[in-house]
1. Consider B:GLU220 carefully, then state whether it is at pLDDT 95 or above, among the acidic types (Asp, Glu) and away from the ligand (no atom under 16 Å from the Cβ).
2. Could you tell me which of the residues B:ASP139, B:ASP110, B:ASP129, B:ASP122 is among the acidic types (Asp, Glu), open to solvent by less than 30 Å² (accessible area, probe 1.4 Å) and away from the ligand (no atom under 16 Å from the Cβ)?
3. Name the residues in the range B:213-257 that are among the aliphatic types (A, V, I, L, M), assigned to a loop (DSSP other than H, G, I, E, B) and more than 13 Å from chain A (Cβ to nearest Cβ), would you?
4. For B:THR225, only one of the following conditions fails: (1) within 15 Å of B:GLN159 (Cα to Cα); (2) within 12 Å of the ligand (Cβ to nearest atom). What is its number?
5. State yes or no: is B:GLY39 in contact with a Leu (Cβ under 6 Å, 6 or more places away or on another chain) and small (Gly, Ala, Ser)?
6. Before we move on, is B:ALA195 modelled with pLDDT under 90, open to solvent by 10 Å² or more (accessible area, probe 1.4 Å) and under 18 Å from B:ASP129 (Cα atoms)?
7. Residue pairs, Cβ under 6 Å, 6 or more apart or interchain, first in the range B:235-253 and of a type in the set (S, T, N, Q), second open to solvent by 20 Å² or more (accessible area, probe 1.4 Å) and near the ligand (Cβ under 10 Å from one of its atoms). List them.
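The values are calculated or read from the model by the stated rules, or taken from the named source; none is laboratory data. Bear in mind the structure is a predicted one, so any value in this text is a computation, not a measurement. Cβ sites come from the backbone with ideal geometry, for glycine too, and all protein chains shown count toward neighbours. Only protein heavy atoms, including side chains, enter the accessible area calculation; ligands, DNA and RNA are left aside. Shrake-Rupley method; radii C 1.70, N 1.55, O 1.52, S 1.80 Å.
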Amino acid sequence: MAITVRIPTPLQRLTNSQSEVPCEGKTVAELLGDLEKRYPGIKERICDADGKLRRFVNVFVNEEDIRFLQGDQTAVKDGDDVSIIPAIAGGA
Amino acid sequence: MSFTKEHIARYSRQLILPEIGLPGQQRLQEASVLLIGAGGLGCPAALYLAAAGVGRLGLVDADAVSLSNLHRQVLHATADIGRSKVESAREKLTALNPETEVVAYHARLDAATAKSFLPAYDVVLDGSDNLATRYLVNDACVLLGKPLIYGGAVQWRGQLMVIRPGQSACFRCVFPEPPQPGEIPDCQAAGILGATAGVIGTLMAQEALKLLLGTGQPLENQLLTYDALAGAFRRVPVRRDPDCAVCGVHPSIHALVSIDLMSCSHKEA
Ligand SMILES: [Zn+2]
């Protein structure tokens, strides 16, 4: 069993169009590292050069914003559900 | 106001809803909503708000109707190409419901116009097309204490959130800061399906009507996401951030400033 990471549509071209991908890691940071290993180039769309989450992107672990948990050190375990949700600007 | 036979007939199907009735209809008649953007979200939202009998609608948009707008901006017709969007929209909305006063602001929203337009309205609907305006509208609503309905739509997906300043998470609580120029890796037009914008715009109108009527649970402290391809809605809980720059405990934003993110000519929709 692994951890399911939900990929937002704009990043799915980096995951062969998959909207959910399994990843492994003990923390969100490790998970994103594993995601990058599987789908090179995806992490820079989520994190800045210092590895910090971009400010218009949110990561939720089991529907809780990691900024209110332990940030990228938030622990994750098998069966957890992780969502990456960027802001949508469009509308006009 | 007193209701004429025409009023009763026009609104009869919503008047019989226990949440509305004559008192609710009167509230709508006395209410006002400001829509930022008369585009893919603003058009369907304005249609339903006018049809429901909201007394005054303000529309802010500096653009003219173009052929490529028509697949999603359902208030505008082929003959409107080249006309001001707000004028075109006002004409259609007035034809739909002459009882609704429609105020057309042919202007771009910036710090100055936000300060001048917002105070006269009860609720603000943000259907703009860029992140700079989104943060500006959010900050203006928080500083002025105006309830805000944020909606976004791109490609086959959308987002929605209701913000009641001081009570629920604001846009900045969820997405703390806009990206810096160049931080958005690709700037190509992403495309959008008209019906996707229609779903979100209609939900924005729905949430505005609930707020105006004081009925139901506002979609606040949660971000609704819509994935049209999967046919799925999800709600993720969000919460107020004590460190929020505009609505937190020690806010750093006390006045409106226009943010210029336009160096990347990025327009998602
Ligand atoms: Zn806030």
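1. no
2. B:ASP129
3. Selection gives B:LEU219, B:VAL246, B:VAL249, B:ILE253, B:ALA255, B:LEU256, B:VAL257.
4. If we test B:THR225 against (1) within 15 Å of B:GLN159 (Cα to Cα); (2) within 12 Å of the ligand (Cβ to nearest atom), just (2) comes out false.
5. In short, no.
6. No: the conditions fail for B:ALA195.
7. B:SER252/B:ALA245
Every residue, every condition in (1) touching a Ser or Thr at 6+ places or on another chain (Cβ under 7 Å); (2) at pLDDT below 95; (3) part of a helix (DSSP H, G or I), yes or no:
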site: B:HIS76; (1), (2), (3): yes, no, no
site: B:VAL86; (1), (2), (3): no, no, yes
site: B:LEU93; (1), (2), (3): yes, no, yes
site: B:ARG108; (1), (2), (3): no, yes, no
site: B:LEU143; (1), (2), (3): no, no, yes
site: B:GLY151; (1), (2), (3): no, no, no
